[in-house]
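Accompanying notes for the structure given below.
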Amino acid sequence: MVAVTDIAVLVKQGRRGPGRPPYDSAETREMLVNTAEELFANLGVEAVSIRSINAAAGLAPAAVHYHFYSKDRLLDAVIRRRGDAMFERMSGLLANVEADRKKPTVRALVDAIAIPYRELLERDPVGGVRWYRLVARLVLSQDPRLSRFTAGPEGLDARFLRAYCRAFPDVPAHTLEAGWRIAITTLIQMLGNSDTRLMRAVGESGGDVTKAYGDMLVEFVASGFASLVAAHRRKLHRKPPGVAAKVRVAPRRRVGR
């Protein structure tokens, strides 16, 4: 990873082609993505201006416009840098669930989302948590700039909807969709905003998420979604108040005349 000071040194030394601006380099682009990711994650996308990104990166005022043209395109680059591989991995895990003739289990559906997240944290604990914090903000606000990566008839959103509707065909789709949103938002929020000390076992070093912590979190989310479904089923079969159960009365036997 290139530090801000390294970029500044390169710019001062003039390591660029003839006629090219001092911020025209792959290192500059990476610095802008790194800086934007950190600012977006900590402050929120709307609270961060292009001017503040350039200033935090120690670059010229035109750097973001030169590389990305707009803040939305820069946000796309931040999401895609880690998200493309994540979404592809989720798609593969979900395809395994879809290929199974049995009804999907809640744990299998949650794992299809949780496993790629956990793998990213193992590869890059610091950057992964930062990216999750940004994604958690976008998920919580239902920001369309995130959903466009998973929308469409064959997008992840539609495929997950079909999968959990197949798992619980007796529960209305809108109820399942609301419960799923709560469950997955909880998962991402916990991964993105938990203190890394809570993710480590005794004697463990670094920011690695332990298997025990990840399993506990996934089980909590899966159980919560399953409980919502069970509660809705009980509500469907509950008799309205004031309606007494019918009691069969045996006919009286006539004794003689």
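Throughout, read-outs are computed from the coordinates displayed, never taken from laboratory work. Keep in mind that this is a model prediction, so the values were computed, not measured. Cβ: placed from backbone, ideal geometry, glycine included. Neighbour counts: every protein chain shown.
Things to note:
- Overall, region 81-237 carries a charge dipole of about 340 debye about its Cα centre when +1 sits on the Cβ of Lys and Arg and -1 on the Cβ of Asp and Glu, all other atoms neutral.
- At R0 = 22 Å, FRET efficiency that the Cβ-Cβ distance of Arg123 and Arg73 yields, to 0.05: 0.30
- Remark on region 81-237: Rg and Dmax equal 15.8, 51 Å (Cα only).
- Extreme residue, positive dipole direction of region 45-150, given options Leu140, His67, Tyr117 (C-beta unit charges): Leu140
- Sparse-neighbour loop sites [GluC sites (Glu not before Pro); region 88-163; at most 16 other C-beta within 10 Å; DSSP]: Glu154
- J(HN,Hα) series, region 124-131, from Karplus relation 6.51 cos²θ - 1.76 cosθ + 1.60, nearest Hz, glycine and proline x: 8, x, 6, x, x, 4, 4, 5
- According to the Cα-based calculation, Rg over Rh for region 33-108 is 1.24, with Rh computed by the Kirkwood formula.
- Applying 1/(1 + (r/R0)^6) with r as the Cβ-Cβ distance of Ser52 and Lys235 and R0 = 45 angstrom yields a FRET efficiency of 0.40.
- Take the Cβ atoms of Ser223 and Ala60, set R0 to 45 Å, and the FRET efficiency comes out at 0.30.
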